Amino acid sequence: MSVIDEILKANQAYAAQFTLGHLSMPPARRLAVVACMDARLSVEHALGLRPGDAHIIRNAGGLVTDDALRSLILSHHLLGTQEFVIIEHTDCGMVTFKDDELRVRLQRQTGASPETPAAFHAFSDLEENVRAQIRKVRSHPWISKEIPVRGFIYDDKTGLLREVTA
Ligand SMILES: [Zn+2]
């Protein structure tokens, strides 16, 4: 059985016990989180969040890309979130490569040079990267200065969050 077949089976069992049909669209705790897609980081578990509580926007690195900004702006203006959190983590794969080297490798492997993605946004300094993401959110003119924007590094070994001061 493929993993996709396995998850479809798991979904049948989930739906058989489903009790969350009453949840409404705006996040109950008015929180939006941008976090790395790392498989070890369970944002809901690590932050004590339940379905319906928060928007969780995930990508490689937990980066405030154009698309993450798009989601944050919609989250705040259309769905009422009032606090933003950015979460990167200690053992992130984004520090293990360089954009240029990966691009060259993929071009060689495939013979293609597509325009997208324009960048992979690999980085080397985790704390500085978190600060840069905070600045990106705070400086956007469509995101109110009233919204707290805080950044954290999740420790993959302990499960603890450590705040990065901006
Ligand atoms: Zn990561």
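The values are calculated or read from the model by the stated rules, or taken from the named source; none is laboratory data. Worth saying up front: this structure is predicted, and the values here are computed from it rather than measured. Quick reminder, even Gly has a Cβ in these numbers, built from the backbone with ideal geometry, and neighbours come from all protein chains shown. Remember, those area values only see protein heavy atoms, side chains included, never the ligands or the DNA or RNA. Shrake-Rupley method; radii C 1.70, N 1.55, O 1.52, S 1.80 Å.
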Rg and Dmax of region 1-46, Cα atoms only, in Å: 14.4, 39
Fluctuation leader among Ala132, Ala15, Ala39 - the chain, Gaussian network, Cα springs under 10 angstrom: Ala15
Net dipole in debye of region 1-145 [+1 Lys, Arg Cβ; -1 Asp, Glu Cβ; about Cα centre; nearest 20]: 380 debye
Positive-end residue, the chain charge dipole about Cα centroid, Cβ charges, pick of Ile56, Leu8, Pro114: Ile56
Segment Asp5-Arg29, extension gain: residue separation times 0.36 nm, minus the distance between their alpha carbons: 5.3 nm
Point-charge dipole on Cβ atoms (K/R +1, D/E -1) for region 107-166, about Cα centre, debye to 20: 140 debye
Region 62-125: mean projected area of Cα convex hull, nm²: 5.8 nm²
Translational diffusion coefficient (Stokes-Einstein; Kirkwood radius from C-alpha pairs) of region 124-166 at 4 °C, 1.567 mPa s, in µm²/s: 114 µm²/s
Accessible-area value, Ile143, 1.4 Å probe, nucleic acids and ligands omitted, Å²: 10 Å²
Sequence of Glu6, Glu101, Glu115 when ordered by accessible area, the most exposed leading, probe 1.4 angstrom: Glu115, Glu101, Glu6
Projected-area average for region 15-95 over all orientations - Cα convex hull basis, square nanometres: 6.1 nm²
Computed accessible area, Lys136, all protein chains, 1.4 angstrom probe, square angstrom: 90 Å²
Counted charge near Thr65, where neighbours are those whose Cβ lies closer than 12 Å (Asp, Glu -1; Lys, Arg +1): +1
Whole-Å distance, taken between Cα centres, linking region 70-125 and region 1-30: 27 Å
Efficiency of FRET from Cβ geometry, Asn59 and Arg138, R₀ 25 Å, rounded to 0.05: 0.85
Accessible area per residue, Å², the chain with all protein chains present, probe 1.4 Å: 65 Å²
From the C-alpha gyration tensor of the chain, square roots of 5λ in Å: 27, 24, 17
Pair Phe97, Asp156: separation of 7 Å Cα→Cβ label points (nm): 1.5 nm
Relative packing of peptides 117-126, 46-55, 146-155 - highest average C-beta neighbours within 10 Å first: 146-155, 46-55, 117-126
